[in-house]
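**Q** Quick one: the structure is below, questions incoming.
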Amino acid sequence: MSHPPSTPTRGPARLMAWARGAMDVIYREMIKFGVIGALAFVIDLGLANLLWHTVLEDRVTTAKIISGLVATLFSWVGNRQWTFRHRRSRPAHHEVALFFGVNIVALGIATVTLAFSHYGLGFTSRLADNVATIVGIGLGTLFRFWTYRRFVFASEKI
């Protein structure tokens, strides 16, 4: 008498299948988040440098806030329509309020990092401003990814 083959719907095999599926989703989200983030980074840093070299030469934090807001708008559209489109379960106005709230905090992290470097430490060269901006954007990005997954584009099935 033969026994039926074990199915992945029982015990450890089921748990492993679930874990692989969850990791696959996270991996895809991270890749998409990274693509949108890289493009937003180019927009943010490029526009900041354009403003630093033209109309806001002596206003580094103002230029950073403007460039960050433009990059945030791009990021909202990209993440909503591509990265986390399968997670959308809230009305758009709830998501946009959470998204921009999170991004205001992340922009604050980047701006404070730049201001601390430029004004607090006295590193006022364009290279130093760019390095501080990159560090600040990096810190803000870690914060954003966690909050986007956990709060902004999270399912409301709790």
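**Q** Let a ≥ b ≥ c be the square roots of the eigenvalues of the Cα gyration tensor of the stretch 49-158; is it rounded (a/c under 1.5), or, if not, prolate (a/b larger than b/c) or oblate?
**A** On the way: a/c = 3.12, a/b = 2.28, b/c = 1.37.
Cα axes put the stretch 49-158 in the prolate bin.
**Q** Now, a different point. Whole-Hz ³J(HN,Hα) for each residue in the stretch 15-24, computed from phi via Karplus 6.51 cos²θ - 1.76 cosθ + 1.60 with θ = phi - 60°, x for glycine and proline: what do you get?
**A** Per-residue couplings from phi come out as 4, 5, 4, 5, 5, 4, x, 5, 5, 4 Hz.
**Q** Tell me, what HN-Hα J-couplings in whole Hz come from the Karplus equation 6.51 cos²θ - 1.76 cosθ + 1.60 at θ = phi - 60° for each residue of the stretch 122-138, using x for Gly and Pro?
**A** Per residue, the Karplus-derived 3J(HN,Hα) values read x, 7, 10, 6, 4, 4, 5, 4, 5, 4, 4, 5, 5, 4, x, 5, x Hz.
**Q** List, in order, the whole-Hz ³J(HN,Hα) value for each residue of the stretch 31-43 obtained from phi through the Karplus relation with A = 6.51, B = -1.76, C = 1.60 and θ = phi - 60°; use x for Gly and Pro.
**A** Those phi angles translate into 5, 4, 4, x, 5, 4, x, 5, 5, 5, 4, 4, 4 Hz.
**Q** In whole angstrom, how far apart do the alpha carbon centroids of the stretch 23-73 and the stretch 93-110 sit?
**A** With the stretch 23-73 and the stretch 93-110 each reduced to a Cα centre, they are spaced 14 Å.
**Q** Shifting gears a bit: Of all trypsin sites (Lys or Arg not before Pro) in the stretch 94-158, which ones are in loop regions per DSSP and have a Cβ with at most 14 other Cβ atoms within 10 Å? Walk me through the intermediate numbers first.
**A** Numbers: sites: R126, R144, R149, R150, K157; in loops: K157.
When the trypsin sites (Lys or Arg not before Pro) of the stretch 94-158 are filtered for loop state and at most 14 Cβ neighbours within 10 Å, K157 remain.
Throughout, read-outs are computed from the coordinates displayed, never taken from laboratory work. Bear in mind the structure is a predicted one, so any value in this text is a computation, not a measurement. Here the Cβ is made from the backbone with ideal geometry for all residues, glycine too, and neighbour counts use every protein chain on show.
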